[in-house]
Amino acid sequence: MSTAITMGEFLRTRRALLHPEDVALPDFGGRRRVAGLRREEIAQLAGVSVDYYTRMEQGRVPNPSGAVLDALARALRLDGDATRHLHRLARPQSSARNVPRRQAKPQRVRPMLQRLLDDLVDMPAMVMGRRMDVLAWNPAAVALFGDYAALDRAERNIARITFLDETSRELYADWPSCARGNVAYYGG
């Protein structure tokens, strides 16, 4: 039996254990065709598309990201052990070998790009890294978004700022859409 199918069986089993009232979803009464939550409901709670979640249950997603697995664990209300099990099912070969993850090379902005940002006097601009870390910005961005230099390097992350900084809710006209975009960026 393949690992992807095993992961799909695990997801289906855990989904069947939850009910709408467990996750604050409306229960419109009547009989449900499936035991527990529907795929659409789990996908919504995890912030992934229904198609993507369906493919995961069917074993057709060969390498889901850690962020997606964590989102599914939260949606399925998994405890620490069950979450680790889900990660092992998704990546059995990496959990079988206790090989430490290779540290990613720190991302840097070339001086030429920083000069370009600085030359954009009337236009807020910034450069983000692969994990939405703010790597560089210009003075106009500081005026609009705030002073990134005043933040610790670990706090200079757009997703972190979007969800944890209350002023971001006032900054974005459609904050819920912005928040969904951040989650989608990480979730694939």
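Please determine, by comparing only the residues of the stretch 82-98 that are under 11 Å from T6 (Cβ atoms) and aliphatic (A, V, I, L, M), which one is modelled with the highest pLDDT. My answer is L86. Among the residues of the stretch 148-158, are any farther than 29 Å from S65 by Cβ, assigned to a helix (DSSP H, G or I) and either in the same structural domain as A46 (by TED's automatic domain parsing) or at pLDDT 90 or above (or both)? Looking for residues that are farther than 29 Å from S65 by Cβ, assigned to a helix (DSSP H, G or I) and either in the same structural domain as A46 (by TED's automatic domain parsing) or at pLDDT 90 or above (or both), one finds at least one in the stretch 148-158, hence yes. Taking the numbered list (1) under 29 Å from V68 (Cα atoms); (2) in a loop (DSSP other than H, G, I, E, B) in turn, M123 passes all entries but (1).
Exactly one residue among E21, E40 is loosely packed, with under 13 Cβ neighbours inside 10 Å, modelled with pLDDT under 85 and of a type in the set (D, E), and that residue is E21.
Among the residues of the stretch 141-148, at least one is of a type outside the set (V, I, T), at positive phi and either over 22 Å from the mean Cα position of the chain (by Cα) or crowded, with 17+ Cβ neighbours inside 10 Å (or both).
The values are calculated or read from the model by the stated rules, or taken from the named source; none is laboratory data. Everything quoted here is computed from the prediction, not taken from an experiment. So basically every Cβ, Gly included, is an ideal-geometry build from the backbone, and we count neighbours across all protein chains shown.
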